[in-house]
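The values are calculated or read from the model by the stated rules, or taken from the named source; none is laboratory data. Please read all numbers here as calculations on a predicted model, not as lab measurements. When we count neighbours, we look across all protein chains shown, and the Cβ atoms used for this are built from the backbone with ideal geometry, even at glycine. These area figures cover heavy atoms from the full protein model, side chains too; ligands, DNA and RNA do not enter into them. Shrake-Rupley method; radii C 1.70, N 1.55, O 1.52, S 1.80 Å.
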Amino acid sequence: RMVIPLFDEDTGLLGDKVVDCFEVSSSEPFLSQSHCLTDISTRGVAMVPKLALDVMSCEVMRVLQLTDSCIVPISYQVPRKGQEFHEDLYPDTVGTTSAMSAEEWWQGGNKQKVSLHPDKRPKLKVPPAKQMPAKKEVTSRGSKESTSSSPLSTPSSSAVPSRSPSSTSGLSSGFLPSPSPSQSAKAIQSLLPTSKFRHIQGAVMHRDTHITNMRGLNLTTPGECDGFCVNRQRVAVPLAISGGQIAIFERSQPGRLPDTSLPTIQNSVNVVDFSWDPFDARRLAVGDDAKIRVWQVPEGGLKETLTEPELILQHTEKIYSIKFHPLASGLLVSSSYDLTVRLWNLESGEQVKLLTGHQDQVFGMAWSPDGKLLATACKDGKVRIYDPRKSTTPVQEGPGPEGPRGARIVWVCEGKYLLVSGFDRSERGLYLYSADSLSSGAIASAQVDVSPSTLIPFYDPDTSVIILTGKGDTRVHIYEIFPEEPYFIECSSFNSPEPHKLQGLAFLPKTECNVRDVEIAVGLMLTKTTIEPVAFRVPRVKKEFFQDDVYTDTAVWWEPILTASGWLSGINGQHKKISLKPKDMTPSEAPKEAPVRKYLPSSVYLEEKTDEQKKEELLSAMVAKLGNMDDPLPQESFEGVDDDEW
Ligand SMILES: *[C@@H]1O[C@H](CO)[C@@H](O)[C@H](O)[C@H]1NC(C)=O
């Protein structure tokens with residue numbers, strides 16, 4: 001589609017189809033940008049005359065966006081203190097009466113400009129807009145006293161685009177000119193694609209479940225490493241003491257750790273990346289300078305320091321990262337500084353495949369959910385897919401995010417798409433690729449924010465929700481991913497409680513979710529001194545019912561389907577799936593029929609039941625009621641949520 005430019009020569013602001021606003025200047029950086037994403041597709045845009053602006057609110061540009069059903073004013077304001085006229089923002093502008101005749105123009109006359117100062121401007125019949133519809137703030141580059149003629153700067157986090165109609169930068173927060181915004185918001189929202197996870201809430205679980213007083217963690221693990229790793233039973237955390245030591249904490253023993261030092265795994269060389277065997281909660285693979293060591297934690301946890309690994313795989317070069325196969329036991333892939341990717345059979349302790357084709361550092365690797373393919377993201381700006389049993393070179397290759405900063409890759413939407421979290425210069429972004437045609441490049445992308453650390457993704461295949469955070473960040477970003485437009489819908493994010501910085505966030509098997517609280521993911525958050533579980537919950541009112549729209553049957557990925565040698569010989573498989581519904585819960589589709597009963601005469605209703613049934617029903621109705629009373633109804637604090645979604 002063509003970009004429609006609207007240029008305000010007074011301020012040098014250039015707005016294109018409402019979504020982007022650039023400042024154009026004659027010196028470096030020439031263009032600086034701010035975004036205003038509007039959720040509704042645009043049919044046309046026009047700029048309102050300068051004289052109509054609310055100069056006392058530092059509005060520097062107003063654009064009207066035509067959509068299919070409404071006209072939306074979008075205001076660009078420079079945040080300044082106080083209600084006064086800021087000369088520097090408002091050079092004299094073109095007036096509303098003709099300044100010269102055609103004759104004068106032919107003779108080379110210049111047009112005359114008028115002041116926007118409220119006291120000096122020509123009197124207008126139309127009063128200036130009092131109630132400002134949209135508060136699209138443009139961050140001032142300088143301080144309060146800024147006298148520069150550059151009112152725009154690079155987008156602040158508040159200017160990050162969002163597709164979510166309910167997020168703070170979205171429509172419902174005040175893009176509507178109507179005096180009763182909630183009404184219109186609802187009307188407009190019904191036209192927009194939404195995510196049922198948009199109000200997802202992250203919550204740190206009770207203190208009793210925390211591990212505290214951790215000391216001496218290594219917080220500077222390489223970009224390819226997730227920082228720590230977890231399984232249902234235990235957590236492995238690298239320590240910043242010599243000898244590549246790893247502390248192991250049992251999840252069954254939360255609480256404050258003693259001040260004395262604890263037994264560790266002594267890898268003897270610096271740890272680069274490490275991972276629990278998905279099928280053996282006691283087996284930890286550790287990549288280092290030139291080896292992969294496989295450690296076996298004794299039943300019940302470390303009682304004394306381990307110095308002898310179970311197995312050593314001899315690599316020739318330093319490791320970037322390692323990944324276990326999702327279906328076959330004892331199959332591990334590693335990437336290393338020699339730009340090779342190697343497959344290892346832990347049953348035989350041998351290297352079984354050597355994949356080539358990378359031109360630079362391998363940032364991330366991911367096995368496809370069916371275990372057939374391996375995708376990689378590389379510093380050479382390429383995304384690749386290998387079919388390691390068929391070829392040692394990539395079967396597909398295409399352009400990925402460029403740049404030296406790092407990236408992660410994950411399969412989404414039933415293995416049909418690949419999502420890469422990477423960078424566009426300093427901006428972090430998500431890029432979606434069709435796994436069938438990598439060569440055509442990203443089919444969609446979303447900018448996230450500006451931060452130096454790579455976003456580490458966790459994808460829940462049951463809900464298509466992706467949860468991302470970077471090491472050292474405080475914010476956890478959440479999106480629902482779609483295989484078609486709009487591709488990404490941003491959901492509400494989770495912020496780690498002050499003053500914690502997240503040093504890592506790693507997720508537990510789906511069976512750790514409390515479905516009675518509508519948890520769709522449970523992770524462990526690593527901070528400098530603690531490990532704290534965080535649950536991601538979907539707010540629902542009738543929580544006494546099993547929310548079957550949220551819980552599809554889930555894959556039992558913690559049980560192997562094949563052996564390494566079986567997979568290597570060409571066998572494929574699939575994880576079995578289980579329902580998460582506890583026996584005593586009724587699916588939530590039940591209440592849809594329930595109201596019908598209300599209108600039956602009670603005699604009819606009571607007759608068909610035994611006394612025992614009646615008693616039970618009464619009791620569960622009361623329990624349900626009481627259960628609801630504990631929770632403040634979350635829909636009261638959200639607007640625009642469909643009633644039947646609660
Ligand atoms: C942390 O681990 C990395 C990777 O092995 C290593 O380079 C770094 O020196 C370690 N930091 C400390 C403080 O031990």
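Just checking, which of Ile292, Ile211 is within 16 Å of the ligand (Cβ to nearest atom) and at pLDDT 95 or above?
Ile292
So which pairs qualify, if the first residue must be in the stretch 219-236 and over 22 Å from Pro278 (Cα atoms), the second must be outside any loop (DSSP other than H, G, I, E, B) and more than 10 Å from the ligand (Cβ to nearest atom), the Cβ gap must be under 7 Å, and the two must be at least 6 apart or on different chains?
Taking only residues 6 or more apart or on different chains, not a single pair turns up.
Do any strands (runs of 3 or more DSSP E) lying entirely in the stretch 463-565 carry at least 2 residues that are in contact (Cβ under 8 Å) with a residue 24 or more places away in the chain and closer than 17 Å to Arg234 by Cα, and which ones are they?
Hits in the stretch 463-565: 504-507, 519-526, 531-537.
Filter the strands (runs of 3 or more DSSP E) completely within the stretch 286-339 down to those with at least 1 residues that are hydroxyl-bearing (Ser, Thr, Tyr).
319-324, 331-336
Mind listing whichever residues of the stretch 351-374 are outside any loop (DSSP other than H, G, I, E, B) and either more than 30 Å from the chain's Cα centre (by Cα) or within 12 Å of Tyr337 (Cα to Cα) (or both)? Steps first, answer last, please.
We begin by selecting, within the stretch 351-374, every residue outside any loop (DSSP other than H, G, I, E, B); these are 351-355, 362-367, 374.
If the condition is that a residue be outside any loop (DSSP other than H, G, I, E, B) and either more than 30 Å from the chain's Cα centre (by Cα) or within 12 Å of Tyr337 (Cα to Cα) (or both), then Gln351, Val352, Lys353, Leu354, Leu355, Val362, Phe363 are the ones that fit.
Which one is nearest to Ile489 (Cα to Cα), of the residues in the stretch 418-465 that are crowded, with 17+ Cβ neighbours inside 10 Å and β-branched (Val, Ile, Thr)?
Val465
Looking at Pro369, Pro404, can you tell me which residue is in contact (Cβ under 8 Å) with a residue 40 or more places away in the chain, open to solvent by 20 Å² or more (accessible area, probe 1.4 Å), out of contact with any Leu (no Cβ under 6 Å at 6 or more places or on another chain) and over 16 Å from Gly441 (Cα atoms)?
Criteria check complete, one pass: Pro369.
Name the residues in the stretch 214-256 that are closer than 21 Å to Ile319 by Cα, among the aliphatic types (A, V, I, L, M) and either open to solvent by less than 60 Å² (accessible area, probe 1.4 Å) or more than 9 Å from the ligand (Cβ to nearest atom) (or both), would you? Step through it out loud before you land on a result.
Initially, the stretch 214-256 is screened for residues closer than 21 Å to Ile319 by Cα, giving 217-230, 236-247.
Right, trim to among the aliphatic types (A, V, I, L, M) and you get 217, 219, 230, 236-237, 239-241, 246-247.
Listed by number, the residues that qualify are Leu217, Val230, Ala236, Val237, Leu239, Ile246, Ala247.
Does Pro263 satisfy being in contact with a strand residue (DSSP E or B) (Cβ under 6 Å, 6 or more places away or on another chain), open to solvent by 10 Å² or more (accessible area, probe 1.4 Å), away from the ligand (no atom under 16 Å from the Cβ) and not aliphatic (A, V, I, L, M)?
no
So which residues in the stretch 278-289 are open to solvent by 10 Å² or more (accessible area, probe 1.4 Å) and either within 16 Å of the ligand (Cβ to nearest atom) or in contact with a Leu (Cβ under 9 Å, 6 or more places away or on another chain) (or both), if there are any at all?
Matches in the stretch 278-289: Arg283, Asp289.
Considering the stretch 266-275 alone, what residues qualify as being open to solvent by 30 Å² or more (accessible area, probe 1.4 Å) and either away from the ligand (no atom under 15 Å from the Cβ) or among the β-branched types (Val, Ile, Thr) (or both)?
Initial filter on the stretch 266-275 (open to solvent by 30 Å² or more (accessible area, probe 1.4 Å)): 266, 268-270.
Val269, the sole residue that qualifies.
Which numbered condition in (1) open to solvent by 30 Å² or more (accessible area, probe 1.4 Å); (2) not in a loop (DSSP other than H, G, I, E, B) is the only one that Trp344 fails?
(1)
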